[in-house]
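Below is one structure, written out as structure tokens, with a few remarks after it.
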Number of protein chains: 2
Amino acid sequence: MGIVVQKYGGSSLADADAVKRVARRIVEVKKAGHEVVVAVSAMGDSTDELLDLAHGVSPLPPAREMDMLLTAGERISMALVAMAISDLGFTARSFTGSQAGVITDSVHGKAKIIDVTPGRITTALGEGHIVIVAGFQGVSADTKEITTLGRGGTDTTAVALAAALEADVCEIYTDVDGVFTADPRIVRSARKLGKVSYEEMLELAACGAKILHLRCVEYGRRNNIPIHVRSSFSQLQGTWVVDDPAEGGTMEQPIIAGVAHDRSEAKITVVGVPDKVGEAARIFEALAEAQTNLDMIVQNVSAAATSLTDISFTLPRTDGQTAMAALARIQAEVGYEKLLYDDKIGKVSLIGAGMRSHPGITSKFFGALASAGVNIDMISTSEIRISVIVDEAQVDQAVQSAHSAFDLDATEVEAVVYGGSGR
Amino acid sequence: MGIVVQKYGGSSLADADAVKRVARRIVEVKKAGHEVVVAVSAMGDSTDELLDLAHGVSPLPPAREMDMLLTAGERISMALVAMAISDLGFTARSFTGSQAGVITDSVHGKAKIIDVTPGRITTALGEGHIVIVAGFQGVSADTKEITTLGRGGTDTTAVALAAALEADVCEIYTDVDGVFTADPRIVRSARKLGKVSYEEMLELAACGAKILHLRCVEYGRRNNIPIHVRSSFSQLQGTWVVDDPAEGGTMEQPIIAGVAHDRSEAKITVVGVPDKVGEAARIFEALAEAQTNLDMIVQNVSAAATSLTDISFTLPRTDGQTAMAALARIQAEVGYEKLLYDDKIGKVSLIGAGMRSHPGITSKFFGALASAGVNIDMISTSEIRISVIVDEAQVDQAVQSAHSAFDLDATEVEAVVYGGSGR
């Protein structure tokens, strides 16, 4: 009899039949005696269509108006889901992000949720209605302007609602059956994880696993909301993202949760930096001013003969040109020799909370890569993660060899991909 | 330096190029030193597309959710217009009906505006922005629900904003050059009216002239807002709807403003009604209970021999089946003989404030119809209007003969139809 919050992405709402299927799922939960609150994304490709419209009238549309435009997408899908529910004999009330009390900061296009005041939702639940909320959007606290939350916004909306409503669970419906030990398109024998911890899921998301967005997991972790990632196309149990996966289970938690990969980064090397105090700081200051997000950073020890060092770092490819330009502007000042840019790289990460208590993981990982003939270019580690940069063409081999080395392979194929991919 | 309110319908916003053209027109007015507030409809056929989506998920969608869905249409167009303005180097702020302070009653699908509190609009104007408002929508005063205003809603939004902002003028942009003395598709020599009074425009609108909606004109009349109906496809002056068209002009106002026609009505005759007190009342009570809107009503004197009378009335064809069913249910009670239903009728109306002071209009009108071989079925008059019901097939002849008889024909063709028709 608790509150269940669900999230359906665009691929689960591609057309009228999909909307009706989602409505039936929602009604089942209501019939089972729960109060149901649902966050929805825009239907299928409708966000792309709105973007096309915008770029048809202006090459650089103002962010405020872009948010006004894009929020129409979720408005349409939430009304349709409410209608489909009504057609099944239940009543639903749809609410925009603003009506649902999703309060954000004022950064159009990538606003952060700063509060949720779900008064209208609790009133509607109290009246026996199913509540549908437009995901991905809110209203700014100070200016009362409509904002959008950026990538993964509807996942974040769902978890934020679950936290504000003290829901029993936040179910994230997607087009795969859950979180897998690796991308099933690369590792056919990837296994679905029954449970995974917030911290592991955070690392997986940060390292390229696209199933849940970082902000959504972080919001769940902070508020201790169990997140159930599952498919809207099947009735299978998915993956539970929880605080302590071992809790209540008899099985010991596996050492490694999974292998993630990411092909969206590029590497920049600043060659021949004078090895003096403050030179590195000046470089990273310039990159910060240019609003580039760096990931891994490596500085080699300087060759004693020259007192010159090389600094390498990775960053999203989309930030590549900005970063190169920012560095070029300070070449005379810093006195480095040259810049190298490489976007034919990939990152492969091994993630598992069990690493903390099990030595030897690194050597086993590197050994597996060596056996597969994969050369390691850069290394970065956290307490529960080891990431390496490799040649983009060797990403698949690297993922497969690591997956096998840590006995993650399932005995039969578990992964089914049902549709496209939503936002 | 006053405030100009403009309204652009769906046919003026059919695609990206149309949106850009509208943006250029808006910017011209801003450049001329005015503050500009613009009400927009949904683009082209987008409302029909949303209706199709709704009926794809539910045969009878709840009115609340239908309003939530349809209001997405204006949201999209207002954001695009604001973007296109920004691309011309001016700043625009778009506002939903709710944000613009359009307060309505709670009747979803055909809400009435009860107040306009344009605080955010005046603030934005004060900051130098052009303001774009989503037409056709508002928020209910008591329940804070999103509502739509029904047919002609964006015209009404524009006039209501003009009244609240004490604007100098409300410009209604459409796909014809103004209000004509008759439908140019029927009378090629129809003349564009330079000015027309509110009361004449009200009668024209009520009698089938589709260019302005009744509610919009009524709102303008009550608040004495000059309405300028003109084409978004030309730079021509259109028709001014004002309190006193003769004011400031040297020319005497013409006796007849125009000839309107309407093919959307049907006629029902209740044959053989006992001529007793209360029988007619019972019939119209039943029709009122069935929520049918009656137009003309005629009761013949009863034949002395039988004490039976016939009652005929006209009503929108869309209400025809409902009315027939309501009347059938009371046949035994009232004791009438039978019902006749005729939807092959048309209404032709002669409208002019000059009728008041010029006798002989009726005989001249009927004489013209007789010469054209048009038979009159029913007659109804007001102080400034004479309407007749004729055979649907004879509507064109009736309009043409009346138009000529009252010397309304222009010496050359003035009317150009540019596009489709918006809401």
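The values are calculated or read from the model by the stated rules, or taken from the named source; none is laboratory data. Predicted model only: the values in this text are computed from it and were never measured. Glycine gets a Cβ as well: all are built from the backbone with ideal geometry, and neighbour counts include every protein chain shown. Areas reflect the complete protein model, heavy atoms only, side chains present, ligands, DNA and RNA absent. Shrake-Rupley method; radii C 1.70, N 1.55, O 1.52, S 1.80 Å.
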Which condition from (1) open to solvent by less than 10 Å² (accessible area, probe 1.4 Å); (2) more than 26 Å from B:LYS30 (Cβ to Cβ) is the one that B:GLY109 breaks?
(1)
Number of positions in the range B:118-150 that are within 13 Å of chain A (Cβ to nearest Cβ) and within 16 Å of B:ALA39 (Cβ to Cβ):
11
List, please: which pairs have Cβ atoms under 7 Å, are six or more places apart or on different chains, and start with a residue in the range B:279-301 that is under 16 Å from B:ALA266 (Cα atoms) and end with one that is basic (Lys, Arg)?
none
Keeping to the range B:351-392, report how many residues are part of a loop (DSSP other than H, G, I, E, B), open to solvent by less than 30 Å² (accessible area, probe 1.4 Å) and small (Gly, Ala, Ser).
1
State which residue is farthest from A:ALA79 (Cα to Cα) when the search covers only the range B:1-53 and only residues that are away from chain A (no Cβ under 13 Å), of a type in the set (Gly, Ala, Ser) and touching a residue at least 12 places away in the same chain (Cβ under 8 Å).
B:GLY33
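May I ask you to say which residue of A:GLY150, A:GLY138 is within 23 Å of B:MET78 (Cα to Cα) and assigned to a loop (DSSP other than H, G, I, E, B)?
A:GLY150
Out of the residues in the range B:40-60 meeting the condition of being among the hydrophobic types (A, V, I, L, M, F, W, C) and in a loop (DSSP other than H, G, I, E, B), tell me which one is farthest from B:GLY97 (Cα to Cα).
Checked the range B:40-60; the qualifying residue farthest from B:GLY97 (Cα to Cα) is B:LEU60.
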Among the residues of the range B:290-326, which ones are over 25 Å from the mean Cα position of the chain (by Cα) and of a type in the set (D, E, K, R)?
B:ASP310
Pull up the range B:347-367, narrow it to residues that are touching a Ser or Thr at 6+ places or on another chain (Cβ under 6 Å) and modelled with pLDDT of 95 or more, then point me to the one that is nearest to B:ALA182 (Cα to Cα).
B:SER349
